[in-house]
Amino acid sequence: MSIDPAIWAKLHGASTHFPVALAMTGAALEAAGFWAPEAWPQKARLQAAGGYSVMLGALGTFPAVLSGLFLTRGEALGHDELLFHHLFVWPAFTVLVGLGVWRALVGEAASPRSFAVYVVLQALTAGLMAGAGYWGGELILNS
């Protein structure tokens, strides 16, 4: 009795959407909260929602990456569209997990300067996730 190899493609396809959407949502919410006036009552809620989005997105990367590794039989780079997909995936995975851990540990105690760097890194991560998603789609369309 063995597992159907097609399961990895299905799991990968299903699991990738959560971290992509949560990374982008977290980046938008945290940026809006960062730029909102201090007196605005919703500022803290925007930042909290953004923080939870980033932390959940970071957790969601693990099933996506593991299913992708099973799908490619452990090939970390590949060639053609797979190479381009992985050139976006690996930095996005690393930075998103780092941001999620940082947000969980630091929470609301971040200095304004460190939080600004965090918001910029979130924007970068959202862009990397978009690139990974684009090249992942190209893999599907060209296979």
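The values are calculated or read from the model by the stated rules, or taken from the named source; none is laboratory data. Computed from a predicted structure; not experimentally measured. Using ideal geometry, Cβ is built from the backbone for each residue, glycine included, and neighbour counts are taken over all protein chains shown. Areas reflect the complete protein model, heavy atoms only, side chains present, ligands, DNA and RNA absent. Shrake-Rupley method; radii C 1.70, N 1.55, O 1.52, S 1.80 Å.
With r as the distance between the Cβ atoms of Trp90 and Asn142 and R0 = 30 Å, compute the FRET efficiency 1/(1 + (r/R0)^6) and round to 0.05. Intermediate values should be presented prior to the final figure.
Details: r = 21 Å, r/R0 = 0.69.
About 0.90, to the nearest 0.05.
Where nothing but the Cβ of Lys and Arg (+1) and of Asp and Glu (-1) is charged, how large is the charge dipole of the stretch 1-125 around its Cα centre, in debye to the nearest 20? Working shown, then result.
Details: 6 positive and 7 negative charges, 60 e Å.
Taking the Cα centre of the stretch 1-125 as origin, the dipole is about 280 debye.
If you wrap a convex hull around the alpha carbons of the stretch 11-61, what volume per residue comes out, as a whole number of Å³? Before the final figure, lay out each step's value.
Details: hull volume 2.4 nm³, N = 51.
Once divided by residue count, the hull of the stretch 11-61 is 47 Å³.
Could you work out the relative contact order of the chain, using alpha carbon pairs under 8 angstrom and six or more residues apart, expressed as a whole percent? Mind dumping the intermediate values first?
On the way: 165 pairs, mean separation 43.6, N = 143.
Here the relative contact order equals 31 percent.
Return the Rg/Rh ratio of the stretch 1-125 with Cα-based radii and a Kirkwood Rh. Write down the numbers at each step before the final one.
Working: Rg = 16.7 Å, Rh = 15.5 Å.
Result: Rg/Rh = 1.08.
Along the Cα→Cβ direction, 7 angstrom out, place labels at Glu38 and Leu124. What is the inter-label distance in nm?
2.8
Would you mind putting 71-84, 15-28 in packing order, based on average other-beta-carbon counts within 10 Å, highest first?
Numbers: 71-84: 13.6, 15-28: 21.0.
Highest-to-lowest ranking by the protection proxy: 15-28, 71-84.
Run the numbers for Ala116 and His17: contour at 0.36 nm per residue of separation, minus the present Cα-Cα distance, in nm.
Values: separation 99, 0.36 × 99 = 35.64 nm, distance 2.63 nm.
Value of the extension gain: 33.0 nm.
Give me the accessible area per residue for the chain, probe 1.4 Å, as a whole number in Å².
That works out to 59 Å² per residue.
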